[in-house]
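The next block holds one structure in the form of structure tokens; read it before the comments.
The values are calculated or read from the model by the stated rules, or taken from the named source; none is laboratory data. In this text, all values refer to a predicted model and were calculated from it rather than measured experimentally. Cβ sites come from the backbone with ideal geometry, for glycine too, and all protein chains shown count toward neighbours.
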Amino acid sequence: MAALRRNISTSVNSVSKRGETNPKQQHPFYSKAAAAVLGVMLGAVMTYFSLYVDMGGFQITAGRRAYALPRVSPMSDRATGTTRPANSSGELAEGIAATLPGVPHPQMSCSAERIHFAFVKVHKAGSTTPYTIFQRFGLKRHLQFVLPSNERVDVGWPYLMKKEDYLQPIPGRPFDLLVDHTVYNREIFRNLLPNNTVYLAIVREPYSHLKSVVNWYGVARKYGLQNDDPVEALLKHPEELDRQWLVPSEHKQPFSWTRNFMSYDLGLPIALTDDEMFIQKYIAQLDRDFLLVMVLEYFDESLVLLKRYMCWQLSDILYKVQNSREYGYKKDDLSPEMKEIHRNWSMADYLIYEHFNKTLWEKIANEGEDFFDEVTRFKQINQMTTRFCDVTVVSNDTTDKRFGTTRWNNEFVIDSTFCGVLNSRHLVALKTIHVTELRKNGVNMLWPEWLPPPPSKSADKKPTKPLQNQPVPAKQPVPAKQPVPAKQPVKTKQPSGQTTSSGQTTSPGQTTSSGQTSSSGQTTSPGQTTSPGQTTNYG
């Protein structure tokens, strides 16, 4: 800094010597004073700027932190149970900068796996595959699921969830997770699940989603669309065709299979799906509520991010694709004009998808350089597991496959038991376990008719209250024993067509009227026909 001041002083003096006419500048006192002032100013600037420079890079320090939000991981805001800075309308509170906690990155803060979560199972967004992952995770750890109270696969859907829609919790064991189809409502979910529950969902590119819905739910047949591409035919007159198939839901508000279907599952009020300003506010609220919204088009990346946020193991996120179909128009694309029509028709779905696709990649960008190395390794292990399990299930092989420890996972083993779980869905098994536990814990309930028979005879007994002051039924008389018929003398085999001891002529396969042994060597009773090698029963 002293050298910098000398250079500045020299420069100022040299300027004075180049013929400046101001007499004050020629005086040595003024020249030194000017140099000192400039030196102090530049020194202050350089000192302050040096606070931001460290080994050639910029770092935020106390000088700027008052003007910048601290970096907050999505896990810290949602999984720790802290109060979210939002008002009743869902808008961001004024003092958010002061309330956000500065905590370590989720990947670095894992001390224990997170087991309390709710998954909004969005229809036809590839949600059944993560659904089976979550079922397997909960089964392995004996967690308590919120389960449908009937034979259906949803909890109250397409209406808001009510108490009668799910099986009651086992006494003394609160719910841990919810993964079946339901309409998201933040208040209902928070009243049902623990305070540290994290929220997950999955979305899909809207046009691809529409094609899957049209195929899966037979929309072409329902709408009478004869075109080879029913989706394009639908989008030529979407409102006219959709009106006749609107499904009534709570408060008589209809939902549509083909319009903003993902938004409906995520709880967006139907009456406001054309209000772009409200949709944007609602998306901001979803972004604060949810730890992670996965994207089907980047499913493996989403799962690895989920694993890091939830402190799970790589073996916990292995999967086999579920509910995937091939159909003629699956890979067809729309013209730019039709795409614009669909975007206007399902504006909310597009806005939601684009937002969470963007935030997914923002989260991935914070994960470090090894994230994609882990994704590559995960894809390799998942492919090897799928091939191994496909062969194991078919051949009933009892060998296993071992994967060693890496920087992303502990050692684990894949065997036939794991393969059986990987290839299955477990809703019926989960319901059976839950109902059995309820009955064991004193809950007086009948065994549901929509479940398979209970696992044991004792569980099949219907619990009833003890009868009071009921007359004891009289004993029924024991029936007298019937006399045993006398044994008939054994006769030697007669040649075909000879007479038996009763004076009847028999031939092989004929019926005798006296119940004696025929010439075929068989014992018969009146009216019975025998064949060689069989013995008739007298009853």
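A Cβ distance below 6 Å, combined with a sequence gap of six or more or placement on separate chains, defines the contacts here; from the stretch 193-205, residues that are assigned by TED's automatic domain parsing to the domain that holds Phe299 and on the phi > 0 side of the Ramachandran plot reach no residue that is at pLDDT below 95 and among the basic types (Lys, Arg).
Being exposed (fewer than 13 other Cβ atoms within 10 Å of the Cβ) and touching a Ser or Thr at 6+ places or on another chain (Cβ under 9 Å) is true of Val321. Beta carbons closer than 7 Å, at least 6 apart along the sequence or on distinct chains, pair a first residue in the stretch 109-137 that is over 19 Å from Leu305 (Cβ atoms) with a second that is acidic (Asp, Glu) for His123/Asp265.
Checking Thr405 against (1) more than 25 Å from Val295 (Cβ to Cβ); (2) crowded, with 19+ Cβ neighbours inside 10 Å; (3) not small (Gly, Ala, Ser), which test does it fail? It fails just one condition, (2).
Filtering the stretch 395-453 to residues that are under 22 Å from the mean Cα position of the chain (by Cα) and closer than 17 Å to Val146 by Cα leaves Arg425, His426, Leu427, Val428, Ala429, Leu430, Lys431, Thr432, Ile433, His434.
Results for (1) of a type outside the set (Gly, Ala, Ser); (2) closer than 23 Å to Val203 by Cα, shown as yes or no for each residue.
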position: Val120; (1), (2): yes, yes
position: Ser127; (1), (2): no, yes
position: Gln135; (1), (2): yes, yes
position: Gly138; (1), (2): no, yes
position: Val146; (1), (2): yes, yes
position: Asp154; (1), (2): yes, yes
position: Tyr159; (1), (2): yes, yes
position: Lys163; (1), (2): yes, no
position: Leu167; (1), (2): yes, no
